[in-house]
Structures are given as C-alpha cells and as structure tokens.
Amino acid sequence: MTHPSLDDLAQAILAAARRAGADAADAIVASGASQVIDVRGGQLEQAERSEAADLGLRVLVGRRQANISSSDVRPETLDILAERAVAMAREAPEDPHTGLADPAQLAQGWDIGALQLADPAPEPEPAELQARAAEAEAAALAVPGVTQVQASTAGYEQRHVWLAGSNGFAADHRRTDWYVSCAAIAGTGAGMERDSDGDARIWDADMRSAGDIGTRAGQRAAERLGARRPRTGAYPVLFDERISTSLIGHLLGAANGAAVARGATWLRDRLGKQVLPEGLSIIEDPHRPRVAGSRPYDGEGLPTQRRAIVDDGVLTGWVLDLASARQLGMQSTANAKRGMSGPPRPGTWNIALTQGQASRADLIRDMGTGLLVTSMIGSTINPNTGDYSRGASGFWIENGEIAYPVNELTIAGNLHDMLMRLTPANDARSYLSSVVPSLLVEGMTLAGA
C-alpha cells in the first residue's frame, strides 16, 4: 500500500498545536494494513483486511498537558484537533513532572535498519494465509483425541510509525508481523479440553510451519483429557516456559517507575537489594534484531540501551520514563512507551532471565511430587504486599514423572518469597521478546480437592 507522508502529517499537527497556543507538543502518527484469515472445517470462515491511519497528539500548556487521538487525518481537521487539545490542557491540573525531553537528551545517529523490524517480502495474498490456516487446522484434527478445532487463524500486518516533537525529535520505523494460531478441542461433552499453539514473527522466513503449530495445539489438547483436581497442600510448582514469563513480568511490573512513584509496589524499599537468587540476572536489550521489543529510541526520543535491571540477584534500577524519573529525582532509563490516546508510560523492552543448567525434564525428575503448570486464569495480586493467587491447570508429578492432567486448582504464595526460591531450566526460546525458561518454585500452596 502507499503510505501518506507521515513526516508531513506529524509536522503539520505540531504546527497546528503551536497555532492553538501550546507551549510544547509531541505527536505519534501511524499508517498500516492488516489481513486476518480464519478457517473452519477446511473452508474459509472469515477474511478481514483493513487499512488505517491514526494520530495521537500531546500538548503542554505550562505544566498542564492533554492528549487527543483521531483516525481523521485530513489537513482541514488538524487545527480543530489541536485547538481541542489545548483547551483540554488549560483545564487540566498542573503536573510538575510533565514535559518533553531536553534536546541534549535526544537519541542521535541510530541505525534502524540494523534491527530488521520490517520483512522486505511482499504482502501475502489472502489465499496464502488461508492455506496456512487450513494446514494448521488439518494437522490439529489429525491428532488422536482431537474432535474439533475451535479456531485456526493466519494473519499479516504492516505499519509505519512516525514520532515527532517540538523539541526537534523526529524519527520513524516500519514494522511487519506474521502469525499463525490454532486452538484445538479434544474429547466430547463435559470431558472436553481445549489448548492452543501459535507463532508470531517479524520475518516470514522465521515462522514455524503451520502444520507444526496445528499438531502441537492438538497434542496439547489431547494431553489434557481426563483432568482431575489435585489434593490440597504445599508442593513445588514448575511454571512451564510458555507461561513462566508472567512471574518475571510481575517483578518488572513492581519495578515500574509509575508504581514506584506512587508507592504502590512491594518492591518500593528493595532497590539495591536481592530480589532473585544469586547468579540470576534480568537483562534488558532493546537492540536485538528481528525481535518485537527492539527500539533505538523510546517513546520520548531518548536513546535506548542494554542494561541489567537485576544483576546477580540484586535489583539495580527502576523502569523509568521522564515523568516518573523526575518524580523520583532520577534520570530516565529510556523506557517510555507511547500509544495514540495517552501520554508516555514506562515499560520494558526485550528482557532475558539467566537460564539454568538443568532441562525441564531434569527439574520434573528432581521435584518428586508437585505440579507442572501449563496455563493460568484469573489473577489476584496485591501490588503493595506481593501476595499472589491464580487459577491454574497442568499436570501432576509423582515420583519425578508426569502422572495425570489436573485442573480447577489455585496456586498461592508471596511474590518476594517465590522469586527468591526460583530455579530456572534451560528451555527458553531465544527469539522471543521475553526470554524466560521454565521456572521451578519450591513450597507453594495448592488448593485443589
């Protein structure tokens, strides 16, 4: 597709903000196209294609700010949008921490091409995506025990994003995404079980085959047949690699500068203290090629960099944008993320937890009796204390071997204690934005039968 001149659009909306009376402003503009193909019973179930252009504008009047977004990017509407944003800002409460980056802080001389965020391959034809979805569905149905496929989907998206600010920052990047997903159902009646698999990559050449995705979805569903509730008690729990990222996500969420500035985090007094076992680190690297969380600059134009958020078990720093850094009397860590409808907020880029020496099978063998969690639902987490409770399902381990599938149980603990008792496996997928292996946690409380 032919993109509009996003640079011209960004500069035009900034000029409109100045005419409307803004002291400063920044904007994000994007255009893109996407295709989604669903197959059911070997036939086309649904096909969607969309093209869109959007803009988000943040204006500052003194220490007051407001945000406005629109999908109407016609030149004649820009002044109206800017005037509305400025009027909103004048009525907003003052925020002493808001403001754009100083020009001296801005990123310079980056090489966006080195990150390989856009696949040069042409946009696929709908028939090609349909064939992938059909292949995944057929592979899932071929697995013994699978009775139906709930959904089999293939898709593609491309977009072009431009960031610009009245402080002189201007940059753009292009991004592509390819994906295939399949959700299979095994069994019948009250004994039905569902599970899924999928793959999403920036480059098509990196995708797993649709057949492999469908087969794995079917196998996962069939393996869950005959699930029962385990007995209540305290047991070791092994978080499977496909859901273990959530544990590290809770840690990073507690280190988010916005939460720290509010005092609403169980990590508030633990900067410089041990939060993981010795030998474990969490590395943030926003410069990995072909990975979704890669950026040479953040949403406020600051240069991103590789760093250890946790180093040898010790929490070394918070996840900060400009506003939270100012509130805490610190420097931004270039972790500002920006959407269309709101101001920048802190968030992490690509992260990786130190992998262990043992395989997942080794951890299962050594845990004796316990639980392997492969999926979770719901979440009750106290952000101030770290108390943790989630619904779970997976497999019961007896004598170091998988004995039978389990469901309808709750696992509970305290995040600080859980994270200090982690033992990582060595099975993390290195191409993901969050590279986290299976994680064994000793002594969790299970509520089952």
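Which members of segment 311-339 meet the condition of being closer than 21 Å to Gln274 by Cα, touching a Pro at 6+ places or on another chain (Cβ under 9 Å) and in a loop (DSSP other than H, G, I, E, B)?
Hits for segment 311-339 are Gly313, Trp318, Leu320, Thr333.
Considering only residues that are hydrophobic (A, V, I, L, M, F, W, C) and within 18 Å of the chain's Cα centre (by Cα), look in segment 424-449 and name the one that is surrounded by the fewest Cβ atoms within 10 Å (Cβ to Cβ).
Per the stated criteria, the residue is Leu432.
Would you mind telling me which numbered condition in (1) in contact with a strand residue (DSSP E or B) (Cβ under 6 Å, 6 or more places away or on another chain); (2) under 30 Å from Asn167 (Cα atoms); (3) open to solvent by less than 50 Å² (accessible area, probe 1.4 Å) Gly145 fails?
Going through (1) in contact with a strand residue (DSSP E or B) (Cβ under 6 Å, 6 or more places away or on another chain); (2) under 30 Å from Asn167 (Cα atoms); (3) open to solvent by less than 50 Å² (accessible area, probe 1.4 Å) one by one, Gly145 breaks only (2).
Take Pro286 and tell me if it is more than 30 Å from Glu442 (Cα to Cα), out of contact with any Leu (no Cβ under 6 Å at 6 or more places or on another chain), surrounded by 22 or more Cβ atoms within 10 Å (Cβ to Cβ) and not small (Gly, Ala, Ser). Quick ask: steps written out before the conclusion?
Values: more than 30 Å from Glu442 (Cα to Cα): yes; out of contact with any Leu (no Cβ under 6 Å at 6 or more places or on another chain): yes; surrounded by 22 or more Cβ atoms within 10 Å (Cβ to Cβ): yes; not small (Gly, Ala, Ser): yes.
For Pro286, the condition - more than 30 Å from Glu442 (Cα to Cα), out of contact with any Leu (no Cβ under 6 Å at 6 or more places or on another chain), surrounded by 22 or more Cβ atoms within 10 Å (Cβ to Cβ) and not small (Gly, Ala, Ser) - is met.
A quick yes/no check of all residues on (1) hydrophobic (A, V, I, L, M, F, W, C); (2) more than 30 Å from the chain's Cα centre (by Cα); (3) not in a strand (DSSP E or B):
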| site | (1), (2), (3) |
| --- | --- |
| Ala10 | yes, no, yes |
| Arg18 | no, yes, yes |
| Ala25 | yes, no, no |
| Val36 | yes, no, no |
| Arg49 | no, no, no |
| Gln65 | no, no, no |
| Ile68 | yes, no, no |
| Ile80 | yes, yes, yes |
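Taking the criterion of being out of contact with any strand residue (DSSP E or B) (no Cβ under 9 Å at 6 or more places or on another chain), farther than 24 Å from Asp119 by Cβ and in contact (Cβ under 8 Å) with a residue 12 or more places away in the chain, would at least one residue in segment 160-172 satisfy it?
Yes: segment 160-172 contains one or more residues that are out of contact with any strand residue (DSSP E or B) (no Cβ under 9 Å at 6 or more places or on another chain), farther than 24 Å from Asp119 by Cβ and in contact (Cβ under 8 Å) with a residue 12 or more places away in the chain.
Is it the case that segment 121-133 has a residue that's among the small types (Gly, Ala, Ser), more than 30 Å from Pro343 (Cα to Cα) and surrounded by 14 or more Cβ atoms within 10 Å (Cβ to Cβ)? So that I can check it myself, show each step before the final result.
Taking segment 121-133 first, the residues among the small types (Gly, Ala, Ser) are 121, 127, 131, 133.
Narrowing further to those that are more than 30 Å from Pro343 (Cα to Cα): 121, 127, 131, 133.
With the extra rule that they be surrounded by 14 or more Cβ atoms within 10 Å (Cβ to Cβ), the set shrinks to 131, 133.
Yes - at least one qualifying residue is present in segment 121-133.
So that you can scan it fast, the table gives a plain yes or no per residue for (1) out of contact with any Phe, Trp or Tyr (no Cβ under 6 Å at 6 or more places or on another chain); (2) closer than 16 Å to Ala234 by Cα:
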| position | (1), (2) |
| --- | --- |
| Asp362 | yes, no |
| Leu372 | no, yes |
| Met376 | yes, no |
| Ile381 | no, no |
| Asn407 | yes, no |
| Asn414 | yes, yes |
| Thr423 | yes, no |
| Asp427 | yes, no |
| Ser438 | yes, no |
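Can you tell me which of Ala20, Ala85, Ala30 is small (Gly, Ala, Ser), farther than 26 Å from Tyr297 by Cα and touching a residue at least 12 places away in the same chain (Cβ under 8 Å)? Outline the logic, then answer.
Values: Ala85 fails: farther than 26 Å from Tyr297 by Cα; Ala30 fails: farther than 26 Å from Tyr297 by Cα.
Answer to the selection: Ala20.
Just give me the residues in segment 325-356 being open to solvent by less than 30 Å² (accessible area, probe 1.4 Å), over 21 Å from the mean Cα position of the chain (by Cα) and over 20 Å from Asp285 (Cβ atoms), in sequence order.
Hit for segment 325-356 is Ala325, nothing else.
Residues of segment 17-48 being open to solvent by less than 20 Å² (accessible area, probe 1.4 Å) and within 20 Å of Ala171 (Cβ to Cβ), which ones?
Once the filter is applied, which keeps residues that are open to solvent by less than 20 Å² (accessible area, probe 1.4 Å) and within 20 Å of Ala171 (Cβ to Cβ), segment 17-48 yields Ala17, Ala25, Asp26, Ala27, Ile28, Val29, Ala30, Ser31, Gly32.
In the list Asp311, Asp240, which residue meets the criterion of being touching a helix residue (DSSP H, G or I) at 6+ places or on another chain (Cβ under 9 Å) and over 28 Å from Arg174 (Cα atoms)?
It is Asp240.
This table checks each residue for (1) modelled with pLDDT of 95 or more; (2) assigned to a loop (DSSP other than H, G, I, E, B).
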residue: Leu251; (1), (2): yes, no
residue: Ala259; (1), (2): no, no
residue: Ala264; (1), (2): no, yes
residue: Asp269; (1), (2): no, yes
residue: Leu276; (1), (2): yes, yes
residue: Leu280; (1), (2): yes, yes
residue: Ile283; (1), (2): yes, no
residue: Arg288; (1), (2): yes, yes
residue: Ala292; (1), (2): no, yes
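Under 6 Å between Cβ atoms, which residue pairs at least 6 apart in sequence (or on different chains) link something in segment 340-362 that is in a loop (DSSP other than H, G, I, E, B) with a partner that is among the hydroxyl-bearing types (Ser, Thr, Tyr) and open to solvent by 30 Å² or more (accessible area, probe 1.4 Å)?
From segment 340-362, the pairs are Met340/Ser69; Ser341/Ser69; Asn350/Ser433.
Which condition number in (1) at pLDDT 95 or above; (2) exposed (fewer than 15 other Cβ atoms within 10 Å of the Cβ) is the one that Ala403 fails?
Unmet for Ala403, out of (1) at pLDDT 95 or above; (2) exposed (fewer than 15 other Cβ atoms within 10 Å of the Cβ): (1).
Quick one: how many residues across segment 98-120 are β-branched (Val, Ile, Thr) and either surrounded by fewer than 16 Cβ atoms within 10 Å (Cβ to Cβ) or part of a loop (DSSP other than H, G, I, E, B) (or both)?
Summing the residues that are β-branched (Val, Ile, Thr) and either surrounded by fewer than 16 Cβ atoms within 10 Å (Cβ to Cβ) or part of a loop (DSSP other than H, G, I, E, B) (or both) in segment 98-120 gives 1.
The values are calculated or read from the model by the stated rules, or taken from the named source; none is laboratory data. What you see is a predicted model, and the numbers here were worked out from it, not measured in a lab. Heads up, the Cβs are rebuilt from the backbone with ideal geometry, glycines too, and the neighbour counts pull from every protein chain shown. These area figures cover heavy atoms from the full protein model, side chains too; ligands, DNA and RNA do not enter into them. Shrake-Rupley method; radii C 1.70, N 1.55, O 1.52, S 1.80 Å.
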